Structure formats: C-alpha cells, structure tokens
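What follows is a short report on a single structure.
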Amino acid sequence: MSETVSRELLEKAKLNQETSLIAWSELLRYFARGVVLQVDDSLDLIDVGYQISEDNKSAVEAWVEQGVLGAVSDKQAQSWVTDNRDLWAVVVRPWVLVQEREQERR
C-alpha cells in the first residue's frame with residue numbers, strides 16, 4: 001500500500017471517529033456564524049470532509065455546482081429546529097459539516 005493511500009485511510013478513519021449524531025439545536029451557534037455546510041445524503045460525509053481538509057477545490061466546487069454541498073438555508077434551519085432534528089456532523093475547520101440521512105428523517 002502506498003504512503004498516500006495509507007495517509008488517506010488514516011485521515012478518513014480519524015474523521016469517522018470524530019463524526020457523531022447531534023441535535024441541530026446544539027449547532028445553532030455555528031449556523032449563526034455561517035460555518036455550517038450541508039452535505040447531501042447522496043455523498044459520503046467522511047469523503048467530503050476529507051476532500052475539504054485536503055483543499056481539493058475541484059471536488060468541492062463540483063459538489064457546490066451540483067447543489068449537493070452548500071450553506072444551510074434559513075428555511076432548512078428552521079425546519080430542523082421545529083422537528084427537533086438530529087444530524088450527523090463532523091468538524092473540518094473552519095467548517096461544521098452536517099448531513100441528514102434518509103433513515104433519520106421522521
């Protein structure tokens with residue numbers, strides 16, 4: 001296994017351990033600061049976090065253009081508050097990435 005592949009696997013494993021299910025209400029202060037990005041459930045949260053941490057601009061720009069990565073809208077934030085929603089989240093400084101998975105939707 002190459003050193004690059006080993007490092008990628010190690011970094012993804014670290015991100016996976018730092019990922020947790022958290023109440024949206026706990027993330028509101030980060031939303032207010034504008035540092036929360038929503039990751040569509042068609043993407044792998046860990047892979048997105050890894051690509052952001054590696055500053056892979058082409059991947060990130062493609063996701064943004066496709067509408068599968070972006071800022072959480074005020075409407076979406078309010079919906080999550082109303083529903084008392086739990087989301088998967090991981091911090092990739094300066095961002096907090098959140099993902100609503102289909103099975104968690106009520």
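Computed from the coordinates by the stated procedures, all read-outs in this text should not be read as laboratory data. None of these values were measured; they are calculated from a predicted model. Positions of Cβ are backbone-derived with ideal geometry, glycine not excepted, and every protein chain shown enters the neighbour counts.
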Suppose R0 equals 30 Å. What FRET efficiency, 1/(1 + (r/R0)^6) with r the Cβ-Cβ distance, do residue 23 and residue 93 give to the nearest 0.05?
0.90
How about the range 35-93: which GluC sites (Glu not before Pro) there are in a DSSP loop, with at most 14 other Cβ atoms within 10 Å of their Cβ?
54
Going by amide H atoms built from the backbone, whose H comes under 5 Å of the H on residue 70, apart from near neighbours?
38
Arranged by the count of other C-beta atoms within 10 angstrom, fewest first, what order do 33, 85, 101 take?
33, 101, 85
Placing each pseudo-label 7 Å from Cα in the direction of the beta carbon, residue 47 and residue 73 end up separated by a distance in nanometres of 2.6
When the chain is fully extended, how far beyond the present Cα-Cα distance does residue 82 get from residue 10, taking 0.36 nm per residue of separation?
22.2 nm
Among 45, 69, 27, determine the one that fluctuates most according to a GNM of the chain built with springs between C-alpha atoms less than 10 Å apart.
27
Of 64, 91, 36, the most mobile residue in a GNM of the chain (C-alpha springs, cutoff 10 Å) is 64
